[in-house]
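The values are calculated or read from the model by the stated rules, or taken from the named source; none is laboratory data. What you see is a predicted model, and the numbers here were worked out from it, not measured in a lab. So basically every Cβ, Gly included, is an ideal-geometry build from the backbone, and we count neighbours across all protein chains shown.
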Amino acid sequence: MTRSNRSVFSRIILLLILSFLLLLTGCATTTRTISTSEEIHYDEAYDFSDKKQIVSGLVDPLLDRYPAGGQRPIVIVYPVANRTSEHIDTSGITDDIREELLQSNRFRFLNEAQRDNIARELDYQYNSGMVDPSQRIERARQAGADYILSGTLRSIEKEEGRGIRWKKKSMNYYSLHLQLTDLKSGMIDWSHSVDLAREASRPIIGW
């Protein structure tokens, strides 16, 4: 191999090494702290920004239905049924709705999730022989709910049909319907829906 050929070969090797290093740098994982109030979407799927929009869109109409200063109804929250094709933890939606309604001081809520623990504690107080009888919580004094708060989350997913293009578009539509059912009458006292849709465009070839 001549000196000229060795020089060209060395340059090619150097370029390959530099290209490989640049590729590794581009593939490196980076992180940053973001604000939960910042609206960020990486694709058309449901994310935390959508939850804030949904909660706000449902809480405000419900507060209008029950103005401040009136009787504070007792509500029990049942899970929002997830009718989408995605794994969405809908308990985060109902938890945030309950928190905002509690902070409004217009509603009271039963803690359905702690019923087994409450029963276990009452059983301990009455049957363990360890609790002063004068300090026992009186049985059959728990509050009863006036309303059931429940709902359903649905979605529709659409993609562009087959064709020659550089990018392919897809769209997700979400609808959360919430309702308040009167336990005494069995009738729906209030209902409201929040809809949102998002379109994403991604290259046919890419990472």
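Looking at the structure I just gave you, is Val75 at pLDDT 95 or above, within 17 Å of Gly151 (Cα to Cα), surrounded by 12 or more Cβ atoms within 10 Å (Cβ to Cβ) and of a type in the set (Val, Ile, Thr)?
So Val75 passes the test.
Output the qualifying pairs, or none if there are none: Cβ atoms under 6 angstrom, residues six or more apart or on different chains, first residue in the range 139-152 and among the charged types (D, E, K, R), second residue surrounded by 11 or more Cβ atoms within 10 Å (Cβ to Cβ) and in a loop (DSSP other than H, G, I, E, B).
These pairs meet every condition: Asp146/Pro73.
Name the single residue that is surrounded by the fewest Cβ atoms within 10 Å (Cβ to Cβ) among those in the range 119-156 being of a type in the set (A, V, I, L, M) and over 19 Å from Asp95 (Cβ atoms).
Taking the candidates together, the pick is Ala140.
When you check Ile88 against the structure, is it surrounded by 15 or more Cβ atoms within 10 Å (Cβ to Cβ), β-branched (Val, Ile, Thr) and farther than 18 Å from Ser191 by Cα, yes or no?
Yes: the conditions hold for Ile88.
Mind listing whichever residues of the range 190-200 are closer than 22 Å to Gly144 by Cβ and surrounded by fewer than 16 Cβ atoms within 10 Å (Cβ to Cβ)?
Within the range 190-200, none qualify.
Looking at the structure I just gave you, is Asp64 free of Cβ contacts under 8 Å to residues at least 12 places away in the same chain, surrounded by fewer than 17 Cβ atoms within 10 Å (Cβ to Cβ) and under 20 Å from the mean Cα position of the chain (by Cα)?
When the stated conditions are applied, Asp64 does not pass them.
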